[in-house]
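Colleague: After the structure tokens below, expect a handful of questions from me.
The values are calculated or read from the model by the stated rules, or taken from the named source; none is laboratory data. The structure displayed is predicted, hence computed values, not measured ones. Reconstructed Cβ throughout: ideal geometry from the backbone, glycine too, with neighbour counts over all protein chains shown. Surface areas here come from the heavy atoms of the whole protein model, side chains and all, with no ligands, DNA or RNA. Shrake-Rupley method; radii C 1.70, N 1.55, O 1.52, S 1.80 Å.
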Amino acid sequence: TDYSVTYAGFTICSGGVATTAPSRAPTRSPSFAPTTLAPVTAGAYFQVAAATPSSTTCYTTSSGTCFTDGPGNHANRESCTISVLQSTYLRITQFQTEAGFDRLIVNGLTYSGTTGPVNVAVAAG
């Protein structure tokens, strides 16, 4: 985030197991509808790889099936990196950042404001 306005932030969950490996290459469209989803299996989909300034900046919830920057407005100068443990599609439950300044980058595409990565495929690794 930058140094000024703060908003509610984000909560993003797994939308199901991708039955075919999604491409890691960015697409022209920031999102697409999944074609085939298998039932969600047990086990974590996401893991926090790095968080600044602290481990409370972002964290996983629901046994690793979601990741969030937590309740309430996020602070300034926060950043986090999430690792994808199982290929999946992203399901947004909350996404509100300062447009143009606070951003989420998925597969090389940047999301900001109230437009998050809906049904975007992400690969493990």
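Colleague: How much solvent-accessible surface does S112 expose, in Å² to the nearest 10, with a 1.4 Å probe and all protein chains in place?
Modeller: 30 Å²
Colleague: Using a Förster distance of 22 angstrom, determine the FRET efficiency expected from the C-beta separation of Q47 and A8, and round it to 0.05.
Modeller: Computed FRET efficiency for Q47 and A8: 0.45.
Colleague: Could you give the length gained by full extension between R103 and N119, i.e. 0.36 nm per residue of separation minus their alpha carbon distance, to one decimal place?
Modeller: Length difference between fully extended and current span is 4.0 nm.
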